[in-house]
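Asker: Quick one: structure below, then a few questions.
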Protein chains: 2
Amino acid sequence: MSEILLYDIPRKDPENGPWSPNTLKARLALNLKGLPFKTVWVEYPDIPSECKKIGAPPTSTEADGTPRYTLPVIYDPSTKKAIADSYAIAEYLDATYPTDRQIIPAGTEGLHAAFNKAFMDSVYFPCMFTIGPLSVSALNPPSERYFRTIRGDLLALVDSVRPEERWRKVQAAFEVVNGWYEKADNGKVLLMGDTPAWADIVVAALLVCARNLLGRESPEWKAVSEWHGGRWAKLVAALEGKVLYPGYGWTKQGGQS
Amino acid sequence: MSEILLYDIPRKDPENGPWSPNTLKARLALNLKGLPFKTVWVEYPDIPSECKKIGAPPTSTEADGTPRYTLPVIYDPSTKKAIADSYAIAEYLDATYPTDRQIIPAGTEGLHAAFNKAFMDSVYFPCMFTIGPLSVSALNPPSERYFRTIRGDLLALVDSVRPEERWRKVQAAFEVVNGWYEKADNGKVLLMGDTPAWADIVVAALLVCARNLLGRESPEWKAVSEWHGGRWAKLVAALEGKVLYPGYGWTKQGGQS
């Protein structure tokens, strides 16, 4: 089959690894399926035109009613389809390239959709309040300028909350996720047992990007690594062993190309 | 085995059926496992003393720091254990009386825990704002008096929101749940396919109690029955067929006894 194209947003220090949890989720999903793919790097201001070029739909609507285009997007030359939104990409890959063990295992589609909502509401947004500003500073100048102009209100909102308060919310959020992972059978690291599922991809993508933005040696990441008996460091290690590095474009291709 | 005791709160018109979603969840879980049980009816003011008598733990803490005892609680004479909280009861029944198809199917424990949070946050609380006042009026006088005294602040909070606004929130909440159920394979009515799981019990318990409090012929219940292609009426019918009525104490025992 032809290589699938994954549209992702570059950073200025690619050696520090993925910075966008949403595009990393799609990357991990492609790796989990073992599908060949290559990355198309797109700066923020070019996202709408690149999406329109391949027929990728907008994922939401701006406050002024205009369509909002976001990455990740994939384009699959074998089916000539463009898919936007990481969850929709996972569903597309499972449907188009079914395997014995799906990203979203059969029968758990509805539970995974609920997981996704619980995670985005209770964990992702509180965490983005902490790592969001770091991610903007990691962008190349055209993207950083664009983001600061278009999403300035969001950044002002983040600035209005004290860093210690934001960090407290991240801790509280991971208390909640820990409660879910504690239910996994026999203290296993992955939520559904032995094979990573979409839920693990969602959590690991956020953790990996947080680590890559905070720095592996930062006090914040060291603290996270020790929370809940080292659960989050183990989850990242499990995903990096099984999913991240085999065929992982970022490292294999020698950074972003 | 000896009959398990299910501690539940009576209503003054038992012929109208279960009114408490939380105790109904435990009732449905017992029915789904096919375990023999009988109901112990407890009025609100007697809940703490009854719980202490059988060694059931409190489920949370009051604002003043004192332990808060809630129903459902079960007491299992075979193991001499008392379990509080409907989710913990389902986990206990699965662990103690394992079957081929668990209430919380193997591998989905973590996803179900996340579902539970998403449902309670996004659906249960908005809905209780609408059916909560009806449930208080359905109680026997000692319970109604007690509830209005102890939880008066909650009822005042409900009163501060216009009924149309509350109803709008219920509709919005069921839009969210519909999004999850739409993911179920082949348009099936149950979230995981052919057998009810905890997620279905949670949703159906709320719907059944809403129907029983609003009245089957009320315009509100008729509206709910037609939402999303009749999905919610079908879900209740599926659960009533498979779980509610076989061995269902409420009807078999001729009301509350």
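Asker: Which loop-located trypsin sites (Lys or Arg not before Pro) does the range B:1-37 contain, where loop means any DSSP state but H, G, I, E or B and the Cβ has at most 14 other Cβ atoms within 10 Å?
Answerer: Listed in order of number, the matching sites are B:Lys12.
Asker: May I pose another question? Give me Rg/Rg_expected for the protein assembly as shown, where Rg uses Cα atoms only and Rg_expected = 2.2 N^0.38 Å with N residues.
Answerer: Computed over Cα atoms of the protein assembly as shown, the ratio equals 1.06.
Asker: Of the trypsin sites (Lys or Arg not before Pro) in the range B:35-92, which ones lie in a loop per DSSP and count no more than 11 other C-beta atoms within 10 Å?
Answerer: Answer by residue number: B:Lys80.
Asker: Over all alpha-carbon pairs of the range B:4-103, lay out the pair-distance distribution in 5 Å bins, whole %, shortest bin first.
Answerer: 2, 13, 24, 25, 18, 11, 5, 1, 0
Asker: Which one, A:Cys127, A:Thr39, A:Leu154, projects farthest toward the positive side of the charge dipole computed for chain A from Cβ point charges (K/R +1, D/E -1)?
Answerer: Final value for the positive-end residue is A:Thr39.
Asker: Right, something else. Measuring nothing but label to label, 7 Å from Cα along Cα→Cβ, what are A:Arg162's distances to the other copies in nm, shortest first?
Answerer: In nanometres, ordered from closest: 3.9.
Asker: While we're on this one: With +1 assigned to the C-beta of every Lys and Arg and -1 to the C-beta of every Asp and Glu, and no other charges, what is the dipole magnitude of chain A about the Cα centre in debye, to the nearest 20?
Answerer: Using Cβ point charges on Lys, Arg, Asp and Glu, chain A gives about 240 debye.
Asker: Where the label is 7 Å out from Cα toward Cβ, how close does B:Pro98 come to the same position in every other copy, in nm, shortest first?
Answerer: Those separations, rounded to one decimal, come out as 2.9 nm.
Asker: Just flag the GluC sites (Glu not before Pro) in the range A:57-154 sitting in loop per DSSP whose Cβ has no more than 11 other Cβ atoms within 10 Å.
Answerer: Within the range A:57-154, the qualifying GluC sites (Glu not before Pro) (loop, at most 11 other Cβ atoms within 10 Å) are A:Glu62.
Asker: Output the antiparallel fraction of DSSP beta bridges having both residues in chain B, as a percent to the nearest 5.
Answerer: In chain B, approximately 70 percent of DSSP beta bridges are antiparallel ones.
Asker: Moving on to the next point. Using square roots of five times the C-alpha gyration tensor eigenvalues, list the equivalent-ellipsoid semi-axes of the range B:109-244 in whole Å, biggest first.
Answerer: Each semi-axis is √(5λ); the values are 27, 16, 15 Å.
Asker: Enumerate the amide H contacts of A:Lys81 below 5 Å, restricted to partners 5 or more residues apart or on another chain; note that Pro and chain-start residues carry no placed amide H.
Answerer: Under 5 Å from the amide H of A:Lys81 lie the amide H atoms of A:Asp76, each far enough along the sequence or on another chain.
Asker: Return the Rg/Rh value of chain A, two decimal places, where both radii are evaluated on C-alpha atoms and Rh is the Kirkwood radius.
Answerer: My calculation of the ratio gives 0.94.
Asker: Something else about it: Quick one: net charge of A:Tyr7's neighbours, Cβ under 14 Å, K/R +1, D/E -1?
Answerer: Local charge sum for A:Tyr7: -1.
Asker: Between the range B:197-234 and the range A:187-214, how many Å separate their Cα centres?
Answerer: So the two Cα centres are separated by 36 Å.
Asker: Ok, one more. With +1 assigned to the C-beta of every Lys and Arg and -1 to the C-beta of every Asp and Glu, and no other charges, what is the dipole magnitude of the protein assembly as shown about the Cα centre in debye, to the nearest 20?
Answerer: 200 debye
Asker: Here is a follow-up. Using the Cα centre of the range A:55-197 as the reference point, and only Cβ charges (+1 on K/R, -1 on D/E), how large is the resulting charge dipole? Debye, rounded to the nearest 20.
Answerer: 300 debye
Here, each number is a calculation from the coordinates, and none is a lab measurement. Please read these numbers as outputs of a predicted model, since none were measured by experiment. In this analysis, Cβ positions are derived from the backbone assuming ideal geometry, glycine residues included, and neighbour counts consider all displayed protein chains.
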